[in-house]
Amino acid sequence: MKKTLLALAAVASFGISSSAVAGEGIVNFKGTVVDAACGIDPDSVDQTIDFGQLSKAHLDTDGISMKKSVDIKLVNCVIDDTKNNAVSVTFNGAVVDGDKKELGTAGGTGTAIVMTGKGEDVVFGTPTTAQAFKAGNNTLHFSAWVKKATGVANVTEGAFSAVANFTMAYE
């Protein structure tokens, strides 16, 4: 009888410990080490800017969407006394024919994305004016909006998208 109770107790304890696992998952870690004065906050590396629904009539009369912030957060910046401690950003993407200040959109709507930073238009494929940074964390502020693309007679209805990659150059 004692052996049976011990066996039942052992089976019960194994059953309890195996049922304690309610689910499984995976944690993936990733990153990149770069030779740069600052790191880039992960939230700034892969951004999605949603302009929502835009009025065709408004865009057709040379209106623009609401301006949206496109911030690049620099983290753990280190000052180097032998350098300018400034950074420029180059945004790259498929531009509208004849206008490097307009990022073309996919979807056939005839729209374009325009960006500014520090009061200057972003020229896609060209570095922005260098901005000084301080030790620690910094944020580079840009704005973006949607407009009717240059050379388009009328905007058409539909979804659009665009991709701009950016690279940083430190001085």
| said: Condition first: surrounded by fewer than 13 Cβ atoms within 10 Å (Cβ to Cβ) and under 19 Å from residue 128 (Cα atoms). Can you find one or more residues in region 72-80 that meet it? | reply: no
| task | Tell me, yes or no, whether region 61-68 has at least one residue that is out of contact with any helix residue (DSSP H, G or I) (no Cβ under 7 Å at 6 or more places or on another chain), modelled with pLDDT under 90, surrounded by fewer than 10 Cβ atoms within 10 Å (Cβ to Cβ) and not hydroxyl-bearing (Ser, Thr, Tyr). | result | no
| note | Counted residues in region 53-109 being of a type in the set (Asp, Glu), in contact (Cβ under 8 Å) with a residue 60 or more places away in the chain and more than 30 Å from residue 34 (Cβ to Cβ) come to 2
| Residues being of a type in the set (Val, Ile, Thr) and assigned to a strand (DSSP E or B) - total across region 61-93 | 6
| Given 155, 123, which one is out of contact with any His (no Cβ under 6 Å at 6 or more places or on another chain), surrounded by 17 or more Cβ atoms within 10 Å (Cβ to Cβ) and among the β-branched types (Val, Ile, Thr)? | 155
| task | Go through region 125-171 and count every residue that is closer than 19 Å to residue 101 by Cβ and touching a helix residue (DSSP H, G or I) at 6+ places or on another chain (Cβ under 8 Å). | result | 4
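The values are calculated or read from the model by the stated rules, or taken from the named source; none is laboratory data. This one's a predicted model, so the numbers in the text were calculated from it and none came from an experiment. In this analysis, Cβ positions are derived from the backbone assuming ideal geometry, glycine residues included, and neighbour counts consider all displayed protein chains.
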